[in-house]
Amino acid sequence: MLRLLHYLFHTRNHTFIVLHLILQGMVYTEYTWEILGYCQELDFSLYYLLLPYLLLAVNLIFFTLSCVTDPGTITKANESLFLQVYEFDEVMFPKNGRCSTCDLRKPARSKHCSVCNRCVHRFDHHCVWVNNCIGAWNARYFLTYLLTLTASAATMAVVTTVFLVRLVVLSDLHLETYVDDLGQSQVIDTVFLIQYLFLTFPRIVFLLGFVLVLSFLLGGFLCFALYLAATNQTTNEWCRGDRAWCQHCPQGAGAPSVEPRVHRNIHSHGLWSNLREIFLPAAAHYERKKK
C-alpha cells in the first residue's frame, strides 16, 4: 500500500490524467444518452443543451496546455535571469538560499518539486490531475481549466435540475397523493418526490448528485485560486505564510532584543497588475527586468 501511495502521489505518472478523462467521459456519456434526448422532447433550447459541450471543448484545450506546458523550470542557463524577477523578502525567501538537490541558487518564490525533481519559478503546487507543477508559465492555463471545469459541472447540474423540475410540473406529480403506512392519504412532499424520481430515473438523479457535489468542491477551490491570483500569492506561499516567521523568532533569553520578522506579501501591486502577472507572465517579467 505504501508503494502504491508513493507511486500515485510522489512520482510523475498518468494515472490521474486517465482517471480524469474516464470520469469526464462517463459523465458526458450519461448526459448525452439520457438527459439530452429527454430535454429535446421537452423542447429545451438547443443552444442551452449544447453549452456543456462547448465548455468541454475549451476545458480539454486548457487541460492539455496545463499538462504539457513547462511551468518555469529553473536551470543553470536561466538561473541568473530568474533571480532578477522577484524581490527577496529575507523571511520566506532568503537572498542566499540554495537548492541542495539542483545545486542552484533559489530565486524568490521558487521551490524544488520533489515529484518532478526540479526547481520551478513562482511555484504554486504540484497537481496530480495534470501530472505537472503549476508555476509561472502555466498558472493561467490551470486557472482557465479550473474555471471551465467548474462551469461545465454547474451547467450540467442546472440543465439536469431544470429537466427534473419541468418533468414534475408537466406531469402534475407534485399534486399527487399517496397512502401512508397508517392508511391515510398524504400529499407528496419533497423527500417522497426525490425518492420517486430516484426510482424512476436512478442514473439521472445519481448524475445530478455527482455534478452538484463536484460543482461545490470545484467552486470552492476555484474561489481560493482566484483569491490567490487577486492577491498575488501562490498556494505554497499561503501555506507557508503563517509559519515563515517562526524560524526567525528569538530562540532563547540570549537574544531578547531581536525582533521576529513576520512574513508580508510584498509582491501584490493591485488587482489588475496581479492578474496581468499571471495571464501575461512574460510581459510582467520583462518589465521588472527593465527596472
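Descriptive notes on the structure:
- Among (1) open to solvent by 30 Å² or more (accessible area, probe 1.4 Å); (2) within 12 Å of residue 70 (Cα to Cα); (3) of a type outside the set (Phe, Trp, Tyr), the one test that residue 132 misses: (1)
- Residue within the range 9-26 that is more than 26 Å from residue 208 (Cα to Cα), open to solvent by less than 60 Å² (accessible area, probe 1.4 Å) and outside any helix (DSSP H, G or I) present: yes
- The set of residues in the range 52-102 that are open to solvent by 60 Å² or more (accessible area, probe 1.4 Å), among the charged types (D, E, K, R) and over 21 Å from residue 116 (Cα atoms) comprises 87, 90, 95.
- Counting the residues of the range 207-265 that are hydrophobic (A, V, I, L, M, F, W, C), modelled with pLDDT under 75 and open to solvent by 30 Å² or more (accessible area, probe 1.4 Å) gives 6.
- Test for residue 49: is it open to solvent by less than 40 Å² (accessible area, probe 1.4 Å), over 18 Å from residue 277 (Cβ atoms) and either in contact with a Leu (Cβ under 7 Å, 6 or more places away or on another chain) or part of a loop (DSSP other than H, G, I, E, B) (or both): yes
- Unique match (being under 30 Å from residue 264 (Cα atoms), at pLDDT 90 or above and not polar (S, T, N, Q)) among 60, 54, 83: 83
- Test result for residue 204, part of a helix (DSSP H, G or I), of a type outside the set (S, T, N, Q) and touching a residue at least 60 places away in the same chain (Cβ under 8 Å): yes
- Tally, over the range 116-160, of residues that are free of Cβ contacts under 8 Å to residues at least 24 places away in the same chain and assigned to a helix (DSSP H, G or I): 1
The values are calculated or read from the model by the stated rules, or taken from the named source; none is laboratory data. All values reported here derive from a predicted model rather than from experimental measurement. Note that we place each Cβ from the backbone using ideal geometry, even for glycine, and neighbour counts take in every protein chain shown. Just the protein is used for accessible areas: all its heavy atoms, side chains included, with ligands, DNA and RNA removed. Shrake-Rupley method; radii C 1.70, N 1.55, O 1.52, S 1.80 Å.
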